[in-house]
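The values are calculated or read from the model by the stated rules, or taken from the named source; none is laboratory data. Only a predicted model underlies this, so the values are computations on that prediction, with no experimental measurement involved. Here the Cβ is made from the backbone with ideal geometry for all residues, glycine too, and neighbour counts use every protein chain on show. Calculation scope for accessible area: heavy atoms of the full protein, side chains included, ligands and nucleic acids excluded. Shrake-Rupley method; radii C 1.70, N 1.55, O 1.52, S 1.80 Å.
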Amino acid sequence: MSVVKPRVSMIILVYNGGRFLGEAIASVLAQTYTDWELIIVDDGSTEAIEPVIAPYGSRLRYIRQENQGVAVARNRGLEVARGEFIAFLDQDDWFEPDKLGVQVAALQESPHLGMVHSGWFVVDAAGARLSTVNPREGIPELDLAAWLLWKPVFLGAMLFRRSCFEGVEGFDATFEQAPDVDLVLRLALTGYESAWVPQTTVHYRQHEENASRAAQRQVHECERVLDRIFHQPQYAAEIGHLEFQARYNNLVWGAWRLYRVGQLAAMREFLLRSLQYRSQSKTEVILNWIHCFERYEREYGIELNIQYLMKALNWQDLII
């Protein structure tokens, strides 16, 4: 007898995130689109995860492995997934009820697309909404240039056609903080097309244990991603003209990430390095830095503290 395969495989990665995991699972069970399977990959948690998932019984599949990092854990989920479409969700985030319905429909209506993307809500640890991030407003077309220049990667807001992963080698385990950015940019470079859906589909929770707080490693790994892409001579004619802008954008974004976690000396170094990729006057570049910092802060429901920034010695060294 043939096995009926679900249309969507949803993969939740968990590592010591039991306090939020139940909400993530509940958001999957509440989907208006019901043709799915749920796979929980436990990357060697040291706290007990089984009691959290036990009440759901056969409604999910639980896989535990030794701690090997997010890339290996997501690849493990892909190995066992049976769906035509693939969705990812982190343990501390949750989906809107129509997440799958909206994005499955978009892929069905456009067979040429390999992946679809959306905006997301930023929430605090208690789940209270801080802001809405809608990259579509500033990046209306998700073409290769948009991916390379702006890297608007958030796996939880995306849905992938399974066939995409057959053309690449999955998540690269040499990255701890940016395997998702590396994978999506490789997919775009390989030729898989993508598009936005207008709905906001996921809640992105900010709390003291967020992996993204490892800012130094994150921004350096994003540099490695760009190094690997722009050092491939076969793509030089297609994307070479984007390199300076892509590297500038990455350095300024990285500087903001470092500012956000109080690493102002490292912020200064990133901003200094960004100068080599701009031809404008230093005053114009400094104004652009401020504009970028303000925009990134607003995405998280925060107003940039201009006075604090201006009084910081590391900033003052930059503008002399």
Requested in this report: Could you pull out the residue among Pro111, Pro55, Pro97 that is assigned to a helix (DSSP H, G or I) and either of a type in the set (S, T, N, Q) or open to solvent by 20 Å² or more (accessible area, probe 1.4 Å) (or both)?
Outcome: Pro55
Requested in this report: For the range 225-235, state whether one or more residues are crowded, with 20+ Cβ neighbours inside 10 Å, closer than 20 Å to Gly69 by Cβ and not hydroxyl-bearing (Ser, Thr, Tyr).
Outcome: yes
Report summary line: Restricting attention to the range 16-33, the residues that are modelled with pLDDT under 95, open to solvent by 50 Å² or more (accessible area, probe 1.4 Å) and in a loop (DSSP other than H, G, I, E, B) number exactly 0
Requested in this report: Take the range 79-94 and flag every residue that is open to solvent by 10 Å² or more (accessible area, probe 1.4 Å) and either assigned to a helix (DSSP H, G or I) or over 20 Å from Ser163 (Cα atoms) (or both).
Outcome: Glu79, Val80, Asp90, Gln91, Asp92, Trp94
Report summary line: Of Val197, Val202, the only residue that is among the hydrophobic types (A, V, I, L, M, F, W, C), open to solvent by less than 20 Å² (accessible area, probe 1.4 Å) and farther than 27 Å from Gly69 by Cα is Val197
Report summary line: Within the range 34-46, the count of residues that are out of contact with any strand residue (DSSP E or B) (no Cβ under 9 Å at 6 or more places or on another chain) and either open to solvent by less than 50 Å² (accessible area, probe 1.4 Å) or touching a residue at least 12 places away in the same chain (Cβ under 8 Å) (or both) comes to 1
Report task. Consider only pairs whose beta carbons are under 6 Å apart and that are at least six residues apart or on different chains; among these, list those whose first residue lies in the range 228-256 and is within 19 Å of Phe293 (Cα to Cα) and whose second residue is at pLDDT below 95. Result -> Gly254/Val219
Query raised in the report: Of all residues in the range 303-320, how many are open to solvent by less than 70 Å² (accessible area, probe 1.4 Å) and either in contact (Cβ under 8 Å) with a residue 24 or more places away in the chain or of a type in the set (Lys, Arg) (or both)?
Result: 5
Requested in this report: Select, from Val219, Val181, the only residue that is of a type in the set (A, V, I, L, M), open to solvent by less than 10 Å² (accessible area, probe 1.4 Å), outside any strand (DSSP E or B) and touching a residue at least 24 places away in the same chain (Cβ under 8 Å).
Outcome: Val219
Report task. Determine, yes or no, whether Glu284 is open to solvent by 70 Å² or more (accessible area, probe 1.4 Å), of a type in the set (Asp, Glu) and more than 23 Å from Pro179 (Cα to Cα). Result -> yes
Query raised in the report: Is it true that some residue in the range 208-216 is under 17 Å from Ala71 (Cα atoms), in contact (Cβ under 8 Å) with a residue 12 or more places away in the chain and either more than 15 Å from the chain's Cα centre (by Cα) or part of a helix (DSSP H, G or I) (or both)?
Result: yes
Report summary line: The number of residues in the range 114-152 that are open to solvent by 70 Å² or more (accessible area, probe 1.4 Å) and in contact with a Gly (Cβ under 7 Å, 6 or more places away or on another chain) is 3
Report task. May I ask you to say which residue of Arg74, Arg59, Arg64 is farther than 30 Å from Ile139 by Cα and either touching a His at 6+ places or on another chain (Cβ under 6 Å) or at pLDDT 95 or above (or both)? Result -> Arg64
**Report entry** Filtered residues of the range 243-265 (kept if open to solvent by 20 Å² or more (accessible area, probe 1.4 Å) and assigned to a helix (DSSP H, G or I))
**Finding:** Glu243, Phe244, Gln245, Arg247, Trp253, Arg257, Arg260, Leu264, Ala265
